[in-house]
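My questions all concern the structure below.
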Amino acid sequence: MNNTIRALLLITCYLLSTIYYLLLSGCAFPRIIVLDDPLTPEEHLNLGVTYESKGELDSALKEYHAASKELPLSYLYIGNIHFQRNEFGEAESYYKKAIRKDPENADARNNLAWLYYKKEENLEEAERLAVRAIELNPSKKDIYEDTLNKIRELIARLMVK
């Protein structure tokens with residue numbers, strides 16, 4: 001074996017043993033730090049929806065929070081995650097924030113009304129929220145009327161007791 005090949009083999013062995021040692025000792029390779037977020041708020045929202053559809057709620061929440069810095073609609077989605085987890089106080093807070101940031105958000109009003117229905121509290125407010133949702137977005141009237149009718153049925157049932 002000539003000296004050039006022997007030298008290359010020694011260098012290769014040295015490099016491989018050094019990498020092996022670094023990996024075993026817990027040293028990490030340098031990390032790349034991204035200072036500017038390459039995703040738009042809409043892309044974060046869409047990524048969150050994808051995570052949510054796969055049941056990865058923590059990842060979805062992270063993406064919704066990233067989007068919420070510039071996209072108030074994200075608060076609705078954050079509220080929905082908390083509702084799914086039966087974290088009703090958090091859900092209520094985010095639905096209210098969605099309404100404050102975007103008073104025309106009919107879905108947030110409907111979802112807050114539904115939350116009150118499920119908790120059997122604030123039913124008069126729930127009824128007002130559902131009515132206003134219908135006014136704001138007549139194209140979803142069937143969905144919002146379903147919420148409104150269930151609230152009214154519950155109010156009637158509770159008044160009989």
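Quick test for you: out of TYR14, TYR94, pick the one residue that is at pLDDT below 85, aromatic (Phe, Trp, Tyr) and not assigned by TED's automatic domain parsing to the domain that holds LYS141.
Matching residue, one of TYR14, TYR94: TYR14.
Would you confirm, using the coordinates I've provided, whether SER93 is under 18 Å from the mean Cα position of the chain (by Cα) and of a type in the set (S, T, N, Q)? Steps first, please.
Values: under 18 Å from the mean Cα position of the chain (by Cα): yes; of a type in the set (S, T, N, Q): yes.
Yes, satisfied.
How many residues are surrounded by 15 or more Cβ atoms within 10 Å (Cβ to Cβ) and either of a type in the set (A, V, I, L, M, F, W, C) or at positive phi (or both) when one looks only at the range 51-93?
Matching residues across the range 51-93 total 13.
Can you give me the ranges of the helices (runs of 4 or more DSSP H) entirely in the range 35-108 with at least 3 residues that are farther than 29 Å from PRO138 by Cα and among the charged types (D, E, K, R)? Let's see the steps before the verdict.
On the way: elements: 41-53, 57-68, 74-84, 88-101.
Because the criterion is at least 3 residues that are farther than 29 Å from PRO138 by Cα and among the charged types (D, E, K, R), the helices (runs of 4 or more DSSP H) in the range 35-108 that meet it are 57-68.
The values are calculated or read from the model by the stated rules, or taken from the named source; none is laboratory data. Treat the numbers as computed from the prediction; the structure is a model and nothing was measured. Counting neighbours? That spans all protein chains shown, and the Cβs are built from the backbone with ideal geometry, glycine included.
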